Amino acid sequence: MRRRTCCSTSTRRGAGSNASERCCHGDDPKPAESSPYRLPWKGGQTHFVAQGNRSFVSHRGSHLHAWDFVMHTGTKILSARSGIVVVVEHDLDGMGLRANYVTIEHADGSRATYAHIQQASADVKVGQTVAQGQFIARAGMVGQTLFPHLHFAVRNRAETTSLPISFADVADGVPRAGFAYTSQMPKDRTKVRFDALEPFSSRQN
């Protein structure tokens, strides 16, 4: 049985308030160096994490291991991992109960959701195979949000369970709220990781 571990506490100071975040996982995500994920924006760009895993504001339940990356509206969002597009919703505009999003299923059956995207900005279609680093949509401010950002989360195929993951281009794998991170997404598309054609034999349930 795997030992339950807790990662270190990160403290954020700014905007006249203090906040802290502690991230605990029943199962550890893959070490950063072996992770199939990269931060989902252009290499060299830096974005701030407004909410991280287990945030007291909204990252609970099936979104427990999610992130909110602050982005200007219109910023290009790239696929964090290769896979097949299973959902595209980009007809909505403005704040409300529902958000626009793209969901991509990976070779192991896990699914990544990219939410709050700009209206009519999705550049992919359901059934399309995408490579890691491929442009999929633009950041927006649609749905339950007070500022433009990308909400990113990985869940099981049924989308009922939040899955802890790490990013290959983050030093300790897991981005923390209150810090900014720079993507190392390869600019040379021949160097991106592509695993979408692996057999879908070990799907998450």
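All but one of (1) among the charged types (D, E, K, R); (2) closer than 22 Å to LEU64 by Cα; (3) touching a Phe, Trp or Tyr at 6+ places or on another chain (Cβ under 9 Å) hold for ASP123, so report the exception by its number.
The one condition ASP123 does not meet is (2).
Taking LYS125 as meeting all but one of (1) buried (at least 20 other Cβ atoms within 10 Å of the Cβ); (2) over 16 Å from the mean Cα position of the chain (by Cα), write down the number of the exception.
(1) is the only condition that LYS125 fails.
Out of all the residues in the stretch 124-135, which are without any contact (Cβ under 8 Å) to a residue 60 or more places away in the chain and in contact with a Leu (Cβ under 8 Å, 6 or more places away or on another chain)?
GLN134, PHE135
Is it the case that ALA168 is over 13 Å from ALA80 (Cα atoms) and not basic (Lys, Arg)?
No, not satisfied.
Among the residues in the stretch 145-154, are any modelled with pLDDT of 95 or more, in contact with a Leu (Cβ under 9 Å, 6 or more places away or on another chain), assigned to a loop (DSSP other than H, G, I, E, B) and aliphatic (A, V, I, L, M)?
No, the stretch 145-154 has no match at all.
Which of the residues spanning the stretch 128-140 are in contact with a Ser or Thr (Cβ under 6 Å, 6 or more places away or on another chain), surrounded by fewer than 23 Cβ atoms within 10 Å (Cβ to Cβ) and assigned to a loop (DSSP other than H, G, I, E, B)?
Those that are in contact with a Ser or Thr (Cβ under 6 Å, 6 or more places away or on another chain), surrounded by fewer than 23 Cβ atoms within 10 Å (Cβ to Cβ) and assigned to a loop (DSSP other than H, G, I, E, B): ALA131, GLN134.
Would you confirm whether any residue within the stretch 152-160 is polar (S, T, N, Q), on the phi < 0 side of the Ramachandran plot, surrounded by fewer than 21 Cβ atoms within 10 Å (Cβ to Cβ) and touching a helix residue (DSSP H, G or I) at 6+ places or on another chain (Cβ under 7 Å)?
yes
The values are calculated or read from the model by the stated rules, or taken from the named source; none is laboratory data. Predicted model, so just to flag it, every value in this text is computed and none were measured. Cβ atoms come from the backbone with ideal geometry, glycine included; neighbour counts cover every protein chain shown.
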